Amino acid sequence: MQHFPIFLDLSGQRVVLAGGGETALAKLRLLLKTEANLAVYADRPAPEIEAWAAEGKLTLVRRPLAHGDAICARLVYAATDDAAEDARVAAIGHAAGALVNIVDNLFDSDFITPAIVDRDPVTVAIGTEGAAPVLARAIKADLEARLPATLGPLARIGKAFRHAADALPFGRKRRDFWSAYYFGAGPRAIEAGEDAVRAALENLLAEHLAADAAPGRVDFVGAGPGDPELLTLKARKALDAADVVIHDRLVTPEILELARREAVLVSAGKEGFGPSVSQDDINAAIVAHARAGHHVVRLKSGDPTVFGRLDEEIEAVDAAGIDWRVVPGITAASAAVASIGQSLTRRGRNSAVRLLTGHDLAGFAEHDWAGLARDGEVAAIYMGKRSARFVQGRLLMHGAAAATPVTVIENASRPDQRVLATTLAQLEPTLTEAGLDGPALILYGLAPRAALAAAPDLVADLPSDLPAALTTEIAR
Ligand code: SAH
């Protein structure tokens, strides 16, 4: 870029133009749009120039430019249609320290005048470094056709209203107000005249101020196990309406995609809120966004009430006096058990099911191992990958049968779902050897349904009478 485009404030500034013919006229028509102090030096000025001088739009001096005439001038235009005279004018301009433009002489000019689309105060300047004036004209014509003539008055009225609009908080609220004006209320009102536009602006501002005063709120929403089709309708609606979505790392991109286009997405970091974002920071972020009047969706994988640190967040939101509600979701255990065609409870087998976490704040979590070791018990173990060996050891120690079926489901409900069917005795090293890198749920006491007819598309190629001790990896 040889020429750097800037918008120069010419109001009250002295601008000198030498020349009185067609070339001078063309430049003067442009310069008359500015608020500059225009002085024209011409021994034979065109009648239009005489007329402008008579109307007080410019000062006319009926002689060629002389030394001293360009003193204090910001810009000097040489438009005499005579190369030698233009060069003399340029020298005078330079001596006075002004920026000089020799019309149609790019090489000897300090600056060039772009092609202009004028919707004052909106001005589009088009430059091609002199390379393609035809192109500049074509672009100008295109923009002239595309930008409505009302843009100028809309922007002028809008500019005068800026101060009033500062009553709205800086940022998205204010931006929303201005887009509603320029792309809705403004163009609609302009047909009825400028007063109507001003009235529309007042109304719009009142509306936005009222909306702004509306308190923020928080929806704790379950995103389910990953498949967007496993979202509840309520979750979808909440995502549609959200201003801010604060989500866990486990929430899939396909689901985040469903958030309102304008919504701000905030990642709350690690699964299980690991060290990267502290729970306090997450609580503070939720409260801060809601206090700013936003509709916050706190999006948690699965069901927010299952190993979701929900209570801590509710307490923080409650303490700040902010409204909240919980939108349940499908928890990983439900998705995992569905994928192997089993039930979490079954008459005659287990009348209770436990949801366990593999580790808690203190490390590997202790549970009622003796109770779990009894025949027919079923447990869904969350966050259990790292603690599998610990769980296995504890259960065997408390007398659980080595052949108790255990199924590990990685990425339940997602396209990359994997099912590992194993037994308590084989859980490790099977799990480690499988090298899972997605979220995994361990179903203790359940094997994939032997009668695969029940869910043929969920589990493939599983032997129909799975021996309890057999370790099989079944990919979906
Ligand atoms: N609130 C979530 C659980 C959060 S704890 C829920 O209700 O599902 C995170 C643990 O959930 C992971 O370590 C994993 O054990 C389990 N999990 C979450 N999504 C999963 C998925 N798609 N497949 C398997 N396990 C999943």
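Below, the figures for the structure above:
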| read-out | value |
| --- | --- |
| Gly127 open to solvent by 50 Å² or more (accessible area, probe 1.4 Å), more than 15 Å from Leu30 (Cα to Cα) and in the same structural domain as Pro64 (by TED's automatic domain parsing) | no |
| The lone exception for Ala42 - which of (1) at pLDDT below 95; (2) open to solvent by less than 60 Å² (accessible area, probe 1.4 Å) it fails | (1) |
| Complete set of residues in segment 241-263 that are in contact (Cβ under 8 Å) with a residue 60 or more places away in the chain and either buried (at least 18 other Cβ atoms within 10 Å of the Cβ) or among the aliphatic types (A, V, I, L, M) (or both) | Asp243, Leu250, Thr252 |
| Residue check for Ile102: touching a helix residue (DSSP H, G or I) at 6+ places or on another chain (Cβ under 6 Å), β-branched (Val, Ile, Thr) and closer than 29 Å to Leu143 by Cα | yes |
| Qualifying positions in segment 136-192 - part of a loop (DSSP other than H, G, I, E, B) and either in contact (Cβ under 8 Å) with a residue 24 or more places away in the chain or within 30 Å of Arg291 (Cα to Cα) (or both) | Leu147, Pro148, Ala149, Thr150, Asp166, Ala167, Leu168, Pro169, Phe170, Gly171 |
| Number of positions in segment 288-318 that are assigned to a helix (DSSP H, G or I) and either open to solvent by 20 Å² or more (accessible area, probe 1.4 Å) or within 16 Å of the ligand (Cβ to nearest atom) (or both) | 11 |
| Residues of segment 326-370 that turn out to be β-branched (Val, Ile, Thr), away from the ligand (no atom under 12 Å from the Cβ) and out of contact with any Leu (no Cβ under 8 Å at 6 or more places or on another chain), as a count | 2 |
| Selection from segment 371-388 of residues that are surrounded by 14 or more Cβ atoms within 10 Å (Cβ to Cβ), more than 16 Å from the ligand (Cβ to nearest atom) and in a helix (DSSP H, G or I) | Leu372, Ala373 |
| Residue within segment 411-426 that is assigned to a helix (DSSP H, G or I) and either small (Gly, Ala, Ser) or near the ligand (Cβ under 10 Å from one of its atoms) (or both) present | no |
| From the options Leu250, Leu233, Leu265, residue that is under 18 Å from the mean Cα position of the chain (by Cα) and not charged (D, E, K, R) | Leu265 |
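Listed here are the residues, each with its yes/no results for (1) surrounded by 18 or more Cβ atoms within 10 Å (Cβ to Cβ); (2) assigned to a loop (DSSP other than H, G, I, E, B).
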position	(1), (2)
Leu65	yes, yes
Gly68	no, yes
Ala84	no, no
Ala87	no, no
Gly93	yes, no
Gly97	no, yes
Asp110	no, yes
Ala131	no, yes
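The values are calculated or read from the model by the stated rules, or taken from the named source; none is laboratory data. The structure presented is a predicted model; accordingly, all values stated were derived computationally and were not measured. Positions of Cβ are backbone-derived with ideal geometry, glycine not excepted, and every protein chain shown enters the neighbour counts. Protein only, heavy atoms only, side chains kept; ligands, DNA and RNA dropped before computing areas. Shrake-Rupley method; radii C 1.70, N 1.55, O 1.52, S 1.80 Å.
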